[in-house]
1. Tell me whether the stretch 30-52 contains one or more residues that are of a type outside the set (V, I, T), loosely packed, with under 15 Cβ neighbours inside 10 Å and either over 28 Å from S212 (Cβ atoms) or touching an Asp or Glu at 6+ places or on another chain (Cβ under 6 Å) (or both).
2. What about L4, is it surrounded by 22 or more Cβ atoms within 10 Å (Cβ to Cβ) and of a type in the set (A, V, I, L, M)?
3. Could you tell me which of the residues A182, A222, A159, A253 is of a type outside the set (V, I, T) and either modelled with pLDDT under 95 or within 30 Å of D122 (Cα to Cα) (or both)?
4. Kindly check whether there is at least one residue in the stretch 56-76 that is at pLDDT below 95, under 19 Å from the mean Cα position of the chain (by Cα) and of a type in the set (A, V, I, L, M, F, W, C).
5. Residue by residue through the stretch 240-258, note down the ones that are among the hydrophobic types (A, V, I, L, M, F, W, C) and touching a Gly at 6+ places or on another chain (Cβ under 9 Å).
6. Within the stretch 151-267, which helices (runs of 4 or more DSSP H) (wholly inside it) include 3 or more residues that are in contact (Cβ under 8 Å) with a residue 60 or more places away in the chain?
7. Can you tell me which residue in the stretch 178-198 is surrounded by the most Cβ atoms within 10 Å (Cβ to Cβ), limited to those that are over 22 Å from V102 (Cβ atoms) and of a type in the set (A, V, I, L, M, F, W, C)?
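The values are calculated or read from the model by the stated rules, or taken from the named source; none is laboratory data. Keep in mind the model is a prediction, meaning the values are calculated, not measured. So basically every Cβ, Gly included, is an ideal-geometry build from the backbone, and we count neighbours across all protein chains shown.
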Amino acid sequence: MTRLSVNVNKVAVLRNSRGGRDPDVVEAAIACLDAGAHGITVHPRPDARHIRTDDVMALAALTRERSVEFNLEGNPFAPPRPGYPGFLALCEATRPEQATLVPDADAQLTSDHGFDFQRDADRLRPLVASLQALGCRVSLFADAPEDPILAKAQAQAAASTGAQRIELYTGPYAEAASQGGAALIRGLERFSRMAAAAAGAGLDLNAGHDLSQHNLGPFLAAVPGVLEVSIGHALIGEALHAGLPATVRAYLAVIDRASRGGSISAA
């Protein structure tokens, strides 16, 4: 069954907007894990706009104590600076079970595209090897091209880096799901093709970005082999109304229904 890793970046955004420690990121992560989440994801950025280095250390300790997955995301090419030692240095210090490499620039509001693997594979290959030497499973943020030939080529190039997984950037799917109808069908077909291309290249599959209770079920029902979804923005937003434990349990219920072949419409 697909595993749920909760991204707690948005908890840190709220904390940082006021200063101090509240809301506490570790306490939020504990609430998610107590409600059944399978792991915790964070994406520290060099400007420390949300998750900070001290948060990474504290969450690494928590996830080790709980024996759950810690998924650390970041741009491995972003240089170190005061307060941010660099992505590889953070991985060396915390040894996350999964390191997800994302090509986000400093000025980006959020991650909004995957790597161009045909261009970036040579740069990524030594980084993948270094992270695997630390004991990290490596996942690479990936687009789902509309062109089936390009999808296959991108999957093969991603596999050539030695990474074990790709994480599908699902922003375009979420937009298609919001439109419904033919757009949703095309979106699901597009991501299903990329999933098949990844499997054919020997890659396992994660997914994340703009997934919500509304659109997650149809995605999992249509896209085969998704081992993990990392969800933060929608989940934290929904938790403002329903509470964090209840919201995590609602996502787990969506995943369970999809794993049993339940039909859930995003129209």
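1. Let us first name the residues in the stretch 30-52 that are of a type outside the set (V, I, T), namely 31-39, 43-50, 52.
Pick out the ones that are also loosely packed, with under 15 Cβ neighbours inside 10 Å and you get 34, 36, 47, 49.
Filter once more, so that each one left must be either over 28 Å from S212 (Cβ atoms) or touching an Asp or Glu at 6+ places or on another chain (Cβ under 6 Å) (or both): none.
The answer is no, given that none of the residues of the stretch 30-52 is of a type outside the set (V, I, T), loosely packed, with under 15 Cβ neighbours inside 10 Å and either over 28 Å from S212 (Cβ atoms) or touching an Asp or Glu at 6+ places or on another chain (Cβ under 6 Å) (or both).
2. Details: surrounded by 22 or more Cβ atoms within 10 Å (Cβ to Cβ): yes; of a type in the set (A, V, I, L, M): yes.
Answer is yes for this residue.
3. Result: A159 is the single residue among A182, A222, A159, A253 that is of a type outside the set (V, I, T) and either modelled with pLDDT under 95 or within 30 Å of D122 (Cα to Cα) (or both).
4. No, that holds for no residue.
5. Within the stretch 240-258, V248, L252, V254, I255, A258 qualify.
6. Numbers: elements: 171-179, 181-200, 213-222, 233-242, 244-259.
Because the criterion is at least 3 residues that are in contact (Cβ under 8 Å) with a residue 60 or more places away in the chain, the helices (runs of 4 or more DSSP H) in the stretch 151-267 that meet it are 233-242, 244-259.
7. It comes out as L184.
Here's the yes/no breakdown for (1) in contact with a Lys or Arg (Cβ under 8 Å, 6 or more places away or on another chain); (2) surrounded by 13 or more Cβ atoms within 10 Å (Cβ to Cβ); (3) closer than 21 Å to H233 by Cβ:
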position	(1), (2), (3)
G83	yes, no, no
L124	no, yes, no
Q132	no, yes, no
S139	yes, yes, yes
